[in-house]
Amino acid sequence: MAEISGKASSQEEEPELELRLPAFLPDDYIDEPGERLEFYRKLSSAKTADDADEIEMALLDRFGRLPAPARALCDLARMRAAMRSAGVAELKRGTAPCSSPFPHTPRSTGRTWSPG
């Protein structure tokens, strides 16, 4: 039914990730705007952590050591892929540490995580 109405199913929706940290490809790392946009596109379309790893390796091979904001961008692509596979719709950073919405299970420690 979602396909008929033109709406994406909940499984196809991208997880919302708002951690308010610098995550970008600096101009002085990739000076060509078209190339920068292409890597943004690739990272945003990474469906798995392995996809994000491959893109990060391509950046390393082509442009050298990643600056902190570029590493953070790759980390966020991996995190979004993990959220997607776990069925997590959103993760936002407020004033308190982020916490996992998962129950205490053998696979989950229930620990909180706070970036930066």
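The values are calculated or read from the model by the stated rules, or taken from the named source; none is laboratory data. Every value quoted in this text rests on a predicted model; they were computed, and no experiment measured them. Reconstructed Cβ throughout: ideal geometry from the backbone, glycine too, with neighbour counts over all protein chains shown.
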Go over the candidates M79, M1 one by one and state the one that is modelled with pLDDT under 95 and under 13 Å from the mean Cα position of the chain (by Cα). M79
Of everything in the stretch 17-60, what is loosely packed, with under 14 Cβ neighbours inside 10 Å, at pLDDT below 95 and either among the acidic types (D, E) or within 13 Å of R80 (Cβ to Cβ) (or both)? Give them in sequence order. E18, S44, S45, K47
If S10 meets every condition in (1) among the hydroxyl-bearing types (S, T, Y); (2) surrounded by 12 or more Cβ atoms within 10 Å (Cβ to Cβ); (3) at pLDDT below 95 apart from one, which number is that one? (2)
